[in-house]
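Here's the structure we're looking at; comments come further down.
What follows draws every value from the coordinates through simple rules; no lab data is involved. As the structure is a computational prediction, the values presented were derived from the model and not from experiment. Because the Cβ atoms are built from the backbone with ideal geometry, glycine has one as well, and the counts that use them run over all protein chains shown.
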Amino acid sequence: MNQEGVTPTRTAGVEAAAAARSLHDRLAKPRGALGRLEELGIRLADLAGVCPPPVPEPAIVVVFAADHGVVAEGVTPWPQEVTAQMVAAFRRGGAAINVLARHAGAEVLVVDVGVAGQLERSSGVLDRKVRAGTANLAVEAAMTENDARRALDVGAEVAAGCAGKGFRCLITGDMGIGNTTAAAALVAGFTGRPPAEVTGRGTGIDNATWAHKVDVIERALQRAGDEAGPIGL
């Protein structure tokens, strides 16, 4: 993956975070009274390397869209075609994320990394399709290692492009029916936690479907084995 242009300045960040923490403690209030707001301010100072930190704007929301072959296992009541329909809603500006972004003054960019169907191209959809959806992770590798690396490179390319255009805040999201099954499989594989502990209900599935979803993830992890590295998993 191309890391060009990524230059961590940890010393400046650590010093700025310490200064922000000290500033909060000197204010006329009980220490820690602002809760998460204090933590956020300290984190922003750490990222910016200066205290007080600049407001992180302009902002952009990037939604990476792709389909997941594991939907063939019945882990969700929604058909795969909904992915493309939601991308169309993003493009029209009618989805919830568009409303939230407008309220925050942020732009929205959709990146097609692997939607199964053909999408109507527009200024709001970036075509970076690696493949037309993944394979069914319950029975075979969802992607080849080469495809996985290409998908990661897409993320790095898009992030670098946003930074190059002057965006100071990058908010990422994903869209793809079956995405929470793939995500839970990765979390369980990376952390070693039992799938039942890290698997949610996605779009609100019932108990029987949730139990089936957990079983599908367990089968996928057994198939992958313990030797798979981060890319292989």
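Going toward the positive end of the dipole of the chain, with +1 on Lys and Arg Cβ and -1 on Asp and Glu Cβ, which of T11, V50, A89 do you reach last?
Highest projection toward the positive end goes to V50.
Any idea what angle helix 36-48 forms with the longest principal axis of the chain, computed on alpha-carbon atoms, 0 to 90 degrees, nearest 10?
Result, in degrees: 90.
If the cut-off is a Cα-Cα distance under 17 Å, which aspartates and glutamates reach K165, setting aside same-chain residues fewer than 8 apart in sequence?
Cα-Cα hits under 17 Å: E4, E57, E107, E157.
Over the Cα atoms of the chain, compute the convex hull volume and normalise it per residue, giving Å³. Provide the component values of the computation, followed by the final result.
Details: hull volume 37.7 nm³, N = 233.
Cα convex hull per residue, to the nearest whole number: 162 Å³.
Take A163 and A211, extend 7 Å from each Cα along the Cα→Cβ direction, and tell me the distance between the two endpoints in nm.
The two pseudo-label positions are separated by 4.8 nm.
Nearest 10 degrees, 0 to 90: what angle lies between the long axis of helix 145-164 and the longest principal axis of the chain (Cα atoms)?
30 degrees
What is the mean projected area of the alpha carbon convex hull for the range 71-193, to one decimal in square nanometres?
Details: hull surface 35.1 nm².
With every direction weighted equally, the projected area is 8.8 nm².
If we sort 35-45, 58-68 on the protection proxy, mean other Cβ atoms within 10 Å, highest first, what's the order? Kindly include the intermediate steps, with their values, before the conclusion.
Values: 35-45: 15.5, 58-68: 22.1.
Answer by packing, highest mean first, reads 58-68, 35-45.
Mind checking the angle between helix 10-26 and the chain's longest principal axis? C-alpha axes, 0 to 90 degrees, to the nearest 10.
For helix 10-26, the angle is close to 60 degrees.
Where the centre of each part is set by its Cα atoms, how far does the range 60-121 sit from the range 173-227, in angstrom?
20 Å
Could you give the length gained on full extension between R92 and S22, defined as 0.36 nm per residue of separation minus the Cα-Cα distance, in nm? Intermediate results must be reported in sequence, preceding the final value.
Values: separation 70, 0.36 × 70 = 25.20 nm, distance 4.55 nm.
The span from R92 to S22 would gain 20.6 nm if fully extended.
Using 1/(1 + (r/R0)^6) with R0 = 35 angstrom and r between the beta carbons of A224 and L100, what's the FRET efficiency to the nearest 0.05?
Working: r = 35 Å, r/R0 = 1.01.
So the FRET efficiency works out to roughly 0.50.
How high is the relative contact order of the chain, in percent, counting Cα pairs under 8 Å that sit 6 or more residues apart?
Values: 338 pairs, mean separation 54.7, N = 233.
The normalised contact order for the chain reaches 23 percent.
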